[in-house]
Each structure stands twice: as structure tokens, then as C-alpha cells.
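Okay, handing you the structure first.
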Amino acid sequence: ISPSAVEAKPEIGVPADIGSDDGATLALGNSGAFSGFPALVVDGGIAHVVAEVHGEGSSSVLYRRRNADGSWSAPMDLVPGSLQARFPKIAVRGDSVWVAWQDGRAGEKPHRPAIYLRHSADGGRHWEKEIALRTLSGRAEHPDLALLADGTPVVAWQEISAGNPFDVMLQRVGIDAQPLNLSRDGKNFHAASANDTRSALYPASVWPVLAVASDGRVAIAWQDNRTDKDPLWTGGTGYGKGTDPDNWQIMLRTLAPGATAWSAPASLGSDDRADRHPALTFTTDGRLVAAWDSKTLSSSGVNLSVLSALSTDGGVQWSAPVAVAEDVTAMSQWPKLGRAADGNAQLVWYDNRAADWRWRVMSATLSENTWSNGRLI
């Protein structure tokens, strides 16, 4: 506390920003206000983008399209009836555009977010009424969205309710009468005993992501801590402290074209690492590529790196994970996967290896089965 302004004098001065103009243009939101968690799809030369945009006491989902000639449509609020719309995802196939989001329009008392959908049949120019896909006496959160070849939306999300752990749910809209719980198989959970409140066991399955192949195969991945001794807790009677972070692993299931039963859950993680924040994509030739960020089981003093593995048989067998553009002195996290123009996988992530300490986006592409060197954008 000082009666006058104080000029900070850091022990080590922050380096000057060495960044250059990256050519980015403002897509949604206003300078000085929060706009984030964007999702982008490019189809037929047209870019469709959605994002969470904060206003006065509200968060909305805004949509905008950039036409092939570079012109932009006016921003459109897809959820005018809600004050708490968050984490949108978008999927496009021709003129059919679908958007999914997490919606807390019931307010904070109690906090009960639901999963909503909205559809446009004319490329985002006009929109049909909202669809409440999943509401429950609990929380349905963080949706992901993909479209089958016939345009059927596939939606995945995480949810929790009284007496249940976080689970990953999936529904093919118009096909599945009810959401499918894809993470419950093999999961053990129970409430705490009356003698030890730390004895509760509620493994969490969260952050689901989807990918759909051209032949109709569907893949879903999520992060899961069921193999941790005391998931989501810090210890237990008789053995003291637990792991921090948990022993998170990447779990994955697939649905073959025309099949009705999903494959058994497979794990891509390692027991000596926290493997989190998965990403998935199919290449044009049908390879399934996964990526995630990973670190040793230490709460501090270690860096995150981005790992990747791929399957050439639709998710049955997987290659050993490899680090992508690894720099042991840098933090690399939150990977996202998509298809590049040549049909191969393209990976982007959040990285701080720049000499000026700034966080930037980094990118790499997959050629054959080898990742390129990372490039800071």
C-alpha cells in the first residue's frame, strides 16, 4: 500500500515483444471485451465461426460466416433467450450448419447447464428453432459436435448428477432414442463411508472430442482418471497423500460403419504421466490421429509436451506415442487437430517457447507418419 503510484521494478525485465503481424483479422467480439472458445469449420471455401462473447452480465454464442470472396456476414446471436451460453462447437456439411453449446439459462441457483443445438439449412443465413438436447437434474457440459455423411449430428458431452461421477455421453440425433453413456463400462464408483469422508470414489471422464471418417466411422476420446488410486482427491486414510495431478489417461472408443455396438474402451495414456486434453481427426485416407498434452505426475517444476499417436485400422491398434516438436524447456499444451488441404492431419497448440516469453499458437503437419517441425504462428 502506497500513498502514491508505484513503478514496478522486476528483478528480470520482461523482453520486448518480437512478434510480427500474423495477418489475423477480428472475427467476433469487440476490442477490450472478452470473446473466446471459438470453433471454426471451412467447407467449400466458406468459413463458419462461432465463439462465446461476453456482454453486460451475460455470455452469448455468436455466429459469423466468411464467404469465398472474403466478405463477412453480420454477427448473429444464436441464443437471444439465454444469459449463460458457453463453449460452442460447429459442424458443417454443404449448406447444413449445426451448432451445439452449453446453456445455463435456468440461472445459478442451482447451476444446471444443459446441451442445446441449433440448425441452419441454408449455409448459416437463416436458423431454425433451438433444440434442448439434454437437460437433467445435474450438469451437462462441454459439448463436441460432428456430422455423419448423411448430415446426422453426433453430439458428445460430459455430465454429472447426484450419486454419479462425471461420465461422457453421446447421442446421434434422430438415431439414438436416448444418450449413450460411453465411459461407464469398467468404471467403479461409490460414496464415502460414514467413518471417512475421503473414501468416496468418483473417477471422472471429461473433455470429450469427436471425429467422423468419410466412410461413416465415428471416434470419441476423453480424459479419464479411473486408474488413479484416489481420483480427484488428495489422499486417504492409511496411505496419506495422493497424486497431484491425477494419473489421467486418454480413453477412446469407435463405432464402425453400420455397426450398432461401440468398441471396448482403449487407453492411449501412460501410468507415470498425466495425459489430458485429447484431440482427434481422421485423415482423408482413413487414418485416425490422436493428440494430447502430457507431463510427469508432478504438480510443479515440470513442463507439458504434446504427444500424438495414430491408428491405420480404425482405432484397433495404435502406434507408440511420439512427442510433436518437443522442447523440454517450453510448455506445449491444449492441442487441436484438423485436416490440412492435402488431407493429412494438421495440429495446432498453445506454446511459450518464443524468446520473448509470449504465449503463441504453434502448428505442425503430418506427412506419411511423421510430424513436421513446429512453426510458431
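The values are calculated or read from the model by the stated rules, or taken from the named source; none is laboratory data. Owing to the predicted nature of the structure, the values given are computational and were not obtained by experimental measurement. Backbone-built Cβ (ideal geometry, glycine too); neighbour counts: all protein chains shown. Note: accessible area is taken over every heavy atom of the protein model, side chains too, but ligands, DNA and RNA are not part of it. Shrake-Rupley method; radii C 1.70, N 1.55, O 1.52, S 1.80 Å.
Please list 54, 119 in order of solvent-accessible area, largest first, computed with a 1.4 Å probe with all protein chains present. Don't jump to the answer; show the numbers that get you there.
Working: 54 70, 119 25 Å².
Ranked from most to least accessible, the order is 54, 119.
Would you be so kind as to identify which of 296, 270, 258 lies farthest towards the positive end of the dipole of the range 245-309, taking Lys and Arg as +1 and Asp and Glu as -1 on Cβ and the Cα centre as origin?
It is 258.
Please list, in order along the range 241-256, the HN-Hα scalar couplings obtained from phi with the Karplus expression 6.51 cos²θ - 1.76 cosθ + 1.60 (θ = phi - 60°), rounded to whole Hz, x for Gly and Pro.
5, x, 7, 8, x, 5, 7, 6, 10, 8, 10, 8, 9, 9, 10, 5
Given a 1.4 Å probe and heavy atoms of the protein chains only, how would you sort 63, 202, 116, largest accessible area at the top?
From most accessible down to least: 202, 116, 63.
Given an 8 Å cut-off on Cα distances and at least 6 residues of separation, report the relative contact order of the range 28-134 as a percent.
It comes to 19 percent, rounded to a whole number.
Let me ask another. Quantify, in whole percent, the carbon and sulfur part of the accessible surface of the range 127-271 (1.4 Å probe; protein heavy atoms only).
Here carbon and sulfur together make up 52 percent of the probe-accessible area.
So who's got an amide H within less than 5 Å of the one on residue 327, skipping anything under 5 residues away but keeping other chains? H placed 1.01 Å off N, in plane.
Here the answer is none, since no amide H 5 or more places off falls under 5 Å of that of residue 327.
Sticking with this one: Per the Kirkwood treatment, what hydrodynamic radius in Å, one decimal, follows for the range 120-174 from the mean inverse distance over all distinct Cα pairs?
Radius from the Kirkwood sum: 12.9 Å.
Here's a follow-up. Cα centroids of the range 143-189 and the range 72-140: how far apart, whole angstrom?
First find each Cα centre; the distance between them is then 17 Å.
At 1.4 Å probe size, with every protein chain present, just tell me what the per residue accessible area of the chain comes to in Å².
Ligands and nucleic acids excluded, the result is 50 Å² per residue.
To continue, here is another question. Can you give me the Cα centroid spacing of the range 1-64 and the range 324-347 in angstrom?
21 Å
Kindly sort 122, 246 by accessible area of their heavy atoms, largest first, with the probe set to 1.4 Å.
122, 246
5 Å is the cut-off here: which amide hydrogens, built 1.01 Å from N in the peptide plane, fall below it relative to residue 105, excluding neighbours closer than 5 in sequence?
It is 84, 114, by chain and number.
Given a cut-off of 24 Å, name the pairs among 187/241; 89/129; 187/336; 129/336 whose C-alpha atoms lie farther apart than that in the structure shown.
187/336; 129/336
Now, a different point. So what are the ³J(HN,Hα) numbers for the range 214-224, from phi and the Karplus equation (6.51, -1.76, 1.60; θ = phi - 60°), rounded to whole Hz, Gly and Pro as x?
In residue order, the calculated couplings are 5, 8, x, 5, 10, 10, 9, 9, 7, 9, 8 Hz.
Computed from the coordinates I sent, Rg/Rh (Cα atoms, Kirkwood Rh) equals one of (i) 1.02; (ii) 0.97; (iii) 1.05. Tell me the label.
Step by step, Rg/Rh (Cα atoms, Kirkwood Rh) for this structure corresponds to label (ii).
What base-10 log of the normalised intensity I(q)/I(0) is obtained for the range 307-377 from the Debye formula, alpha carbons as equal point scatterers, at q = 0.20, 0.27 Å⁻¹?
-0.85, -1.32
What does the charge dipole of the chain about its Cα centre add up to, to the nearest 20 debye, if the Cβ of each Lys and Arg holds +1 and the Cβ of each Asp and Glu holds -1?
600 debye
With θ set to phi - 60°, apply the Karplus curve 6.51 cos²θ - 1.76 cosθ + 1.60 along the range 196-201 and write out the HN-Hα couplings as whole Hz, x wherever there is a Gly or Pro.
In residue order, the calculated couplings are 8, 5, 7, 7, 4, 10 Hz.
Taking the inverse of the average 1/r across all pairs of different Cα atoms in the range 45-172, what Kirkwood radius in Å do you get?
15.1 Å
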